[in-house]
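Below is one structure, written out as C-alpha cells; comments come after it.
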Amino acid sequence: MSMQLFFDVVPDCYETEYLTIQKEDKSILPKGTFIFMELYCTNLDCDCHGGLVQVFKINQQGYARGKILAAIDFSWKNASLPQKWEYSLQSETPKTNVAKMFLECFKERLETNADYANSLKKHYALFKKQITKPKISSTPESGKKKKIGRNELCLCGSGKKYKKCCMIKK
C-alpha cells in the first residue's frame, strides 16, 4: 500500500491543521514537543477510512526531524454510531515504551476531542478528493516521475530512508 503525507497533497493546511503534543509536568512522555504527521493511502480504489500517523520530535528550529518515534495505523467504521475508532502501532514499527506512550496519547485525543477526530476524517476526505483531481500542468515535464533521493524518506510510508527500503528491493 502506497502512502503519502497529507501536507504534501494538501499543503494549504500545513500551518494550522496538525497535532503537536508537548510534555507537561506530570506527563509520562519524553521531554520535548512532538508532531503527529498524517499519511493516507494513494490507491484510488481504496476506501479504507483511515491512515497512518507518524510521530516525530520537533527540533529547536521547529522542524520534524530524526527517527520516527511511533507509527500508528488508524481507521474508523462509518456504520456504527457512536463512531468506532481502531488504532494500533504499525506492524513494522518497534513496540518501544515510547511508541506505546504515543499510541496512548493518540487514543486519548481521539476519544476525548471530537474536533481532532473530525479533523482526521476531514483530512482523509480532502486527501482523497485532491488525489483524484486530474493533474494539469503547462510544462512538458509533467509526465515524468519525481525522482526520490536516496537519503529522503521512502514514499511507501515505512518511515525508512529510500536507500534502506524500496531502493534495496529494486
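Couple of notes before you dig in:
- Residues within the range 95-112 that are closer than 20 Å to TYR40 by Cβ and free of Cβ contacts under 8 Å to residues at least 12 places away in the same chain, tallied: 0
- Selection status of LYS77, on the phi < 0 side of the Ramachandran plot and at pLDDT 85 or above: no
- The residues of the range 96-126 that are touching a Pro at 6+ places or on another chain (Cβ under 9 Å) and not β-branched (Val, Ile, Thr) amount to a single one, MET101.
- When GLU92 is tested against (1) in contact (Cβ under 8 Å) with a residue 60 or more places away in the chain; (2) of a type outside the set (Lys, Arg); (3) loosely packed, with under 12 Cβ neighbours inside 10 Å; (4) touching an Asp or Glu at 6+ places or on another chain (Cβ under 9 Å), exactly one condition is not met: (4).
- Hits in the range 83-105 (condition: part of a helix (DSSP H, G or I), farther than 16 Å from ALA117 by Cβ and in contact with a Phe, Trp or Tyr (Cβ under 9 Å, 6 or more places away or on another chain)): PHE102
The values are calculated or read from the model by the stated rules, or taken from the named source; none is laboratory data. It should be emphasised that the depicted structure is a prediction, and the values quoted were computed from it without experimental measurement. Note that we place each Cβ from the backbone using ideal geometry, even for glycine, and neighbour counts take in every protein chain shown.
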